[in-house]
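The values are calculated or read from the model by the stated rules, or taken from the named source; none is laboratory data. Here the structure is a predicted model, which means the values were calculated and not measured. Cβ placement follows ideal geometry from the backbone for every residue including glycine, while neighbour counts extend to all protein chains displayed.
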Amino acid sequence: MKTSRSVFGLLCCILLLFGAGCTGKQKGKELPTGTADRSQYMDEAVVVIDGEEVGYREAMLYLLSAKQEYESAYGEEIWQYQVTADGASLGEWVKEQTLEQLIYIKIVCAQAKRLGISLDSEEKSRVAERTEAYMKEAEYETLALYGIGRKDVERVYEDTALAQKIYDSVTLNVDTDIPEEEAAQKRLQSLMIKNYHEDELGNRTSLTVQELIATLDRFETLYKEATETDDFYSLAYANTEEKTYLDITVGEGDLPEEFKAAYDLAEGEAMQIRTDRGYYIFYCVSERDEDATLAKKEALIAKRQEETFRELYTEWKNEAEIKMQDAVWEAMGYDLEEKE
């Protein structure tokens, strides 16, 4: 079984951003540039990688796409939030991540000639189609503002397609033999009754003796029903006071220590597990969930592929000469947050 993922996780983000095109109908705040005259930077390089210049326009496409993706998902006011211990804003973090993605793709694509990999006519045709779609949907004012043209968009699509092809080629022969015990997934359901009171602020107080007795009586009644019902899920859904483990698929070792005994349940069996924060009834729906097991295998294969590719990329990056044009990058000013 062969599987592939967007290169090294990072490329996945870029492919998603550009895969959706530039849906100009979803407008966000104009990104600040740190300068009133963008034109003086439009023909400058942002970074030079092994002698290849990555220009302002190309870098701006990555940044604009990241901006749109985040604002579409979370709204326009997100950029002010701090996301790192040193107080960096989300905008600053996204800017740095976007730069890493850009450098990543360029370093990967630089290996194409050595590996003998290039886009075929069909792949080039898809690039042309995506470029055309992007140009039709993009806001003319935005493209003009940053000097972005068709060739800039086409270059980004070519690079992402080529980087993906390189990834697929390099990871093609990764061992896909996953032991059954490593991938096997069991489907469990549970219900939980709290042994405490909790206010709206999350503060907990103990039950009185009378309340505890009543809670235990209810729990035992529910357990009896659980061992007799043909529809444990409905029973659990109607009575549980915590849905974290309501319906889950897990592999061996995935459950917290206090719930590990539940993994040994046979299909159709139920058991009680009492903890200091509540009383649980676990029920085994299936000792082997085929869909979840297949998904786990694919995830494990993808992980092997990423690890293999990560090692190669680390070597490539260590060998590459990367020169940042800090003045141009900083002038782009992508804090991605509203300036006063």
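Scanning the stretch 205-234 for residues that are touching a Leu at 6+ places or on another chain (Cβ under 7 Å) and touching a residue at least 24 places away in the same chain (Cβ under 8 Å) gives T215, L222, A226.
Considering E252, E306, the condition of being assigned to a helix (DSSP H, G or I) and out of contact with any Ser or Thr (no Cβ under 7 Å at 6 or more places or on another chain) is satisfied by E306 alone. Being aliphatic (A, V, I, L, M) and farther than 12 Å from I281 by Cα is the filter; apply it to the stretch 227-265 and report the residue that is surrounded by the fewest Cβ atoms within 10 Å (Cβ to Cβ). Result: A238.
Does E269 fit the bill of being among the charged types (D, E, K, R) and under 30 Å from D168 (Cβ atoms)? No: the conditions fail for E269. Looking only at residues in the stretch 321-340 that are under 21 Å from S65 (Cα atoms), at pLDDT below 75 and of a type in the set (D, E), the one that is surrounded by the fewest Cβ atoms within 10 Å (Cβ to Cβ) is E338.
What number of residues within the stretch 106-134 satisfy the criterion of being of a type outside the set (D, E, K, R), more than 27 Å from K317 (Cα to Cα) and free of Cβ contacts under 8 Å to residues at least 12 places away in the same chain?
Restricting attention to the stretch 106-134, the residues satisfying the condition of being of a type outside the set (D, E, K, R) are 107-112, 115-119, 121, 125, 127-128, 131, 133-134.
Next, from what is left, pick out any that are more than 27 Å from K317 (Cα to Cα): 121, 125, 128, 131, 133-134.
Now narrow it down to the ones that are free of Cβ contacts under 8 Å to residues at least 12 places away in the same chain: 121, 125.
Matching residues across the stretch 106-134 total 2.
Which ones in the stretch 276-293 are surrounded by fewer than 15 Cβ atoms within 10 Å (Cβ to Cβ) and either in a helix (DSSP H, G or I) or in contact with a helix residue (DSSP H, G or I) (Cβ under 6 Å, 6 or more places away or on another chain) (or both)? Answer for the stretch 276-293, where residues must be surrounded by fewer than 15 Cβ atoms within 10 Å (Cβ to Cβ) and either in a helix (DSSP H, G or I) or in contact with a helix residue (DSSP H, G or I) (Cβ under 6 Å, 6 or more places away or on another chain) (or both): E290, D291.
The residues of the stretch 191-213 that are under 39 Å from the mean Cα position of the chain (by Cα) and part of a loop (DSSP other than H, G, I, E, B), listed by number, are K194, N195, D199, E200, L201, G202, N203. Here the stretch 85-116 is the region considered, the condition is being within 20 Å of E330 (Cα to Cα) and of a type in the set (G, A, S), and the residue that is farthest from the chain's Cα centre (by Cα) is G87.
Pull up the stretch 214-249, narrow it to residues that are aliphatic (A, V, I, L, M) and assigned to a helix (DSSP H, G or I), then point me to the one that is farthest from L294 (Cα to Cα).
A214
Picking from residues in the stretch 79-89 that are surrounded by fewer than 18 Cβ atoms within 10 Å (Cβ to Cβ) and more than 16 Å from E100 (Cβ to Cβ), the one that is modelled with the lowest pLDDT is Q80. Evaluated against (1) farther than 21 Å from A302 by Cα; (2) in contact with a Phe, Trp or Tyr (Cβ under 9 Å, 6 or more places away or on another chain), V209 falls short on exactly one condition, (2). Residues in the stretch 260-275 that are over 16 Å from D217 (Cα atoms), in contact (Cβ under 8 Å) with a residue 24 or more places away in the chain, of a type outside the set (G, A, S) and not in a helix (DSSP H, G or I): L265 alone.
Matching residues to (1) more than 30 Å from R310 (Cβ to Cβ); (2) out of contact with any helix residue (DSSP H, G or I) (no Cβ under 6 Å at 6 or more places or on another chain):
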{"residue": "E154", "(1), (2)": "no, no"}
{"residue": "D168", "(1), (2)": "no, yes"}
{"residue": "L172", "(1), (2)": "no, yes"}
{"residue": "I178", "(1), (2)": "no, no"}
{"residue": "T215", "(1), (2)": "yes, yes"}
{"residue": "K224", "(1), (2)": "yes, yes"}
{"residue": "D230", "(1), (2)": "yes, yes"}
{"residue": "I248", "(1), (2)": "no, yes"}
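Results for (1) surrounded by fewer than 19 Cβ atoms within 10 Å (Cβ to Cβ); (2) part of a helix (DSSP H, G or I), shown as yes or no for each residue.
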{"site": "Q40", "(1), (2)": "yes, yes"}
{"site": "V54", "(1), (2)": "no, no"}
{"site": "E58", "(1), (2)": "no, yes"}
{"site": "Y62", "(1), (2)": "no, yes"}
{"site": "A66", "(1), (2)": "no, yes"}
{"site": "A73", "(1), (2)": "yes, yes"}
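Any residue at all in the stretch 117-128 that is under 29 Å from Q40 (Cβ atoms), at pLDDT 95 or above, surrounded by 15 or more Cβ atoms within 10 Å (Cβ to Cβ) and within 28 Å of the chain's Cα centre (by Cα)? No.
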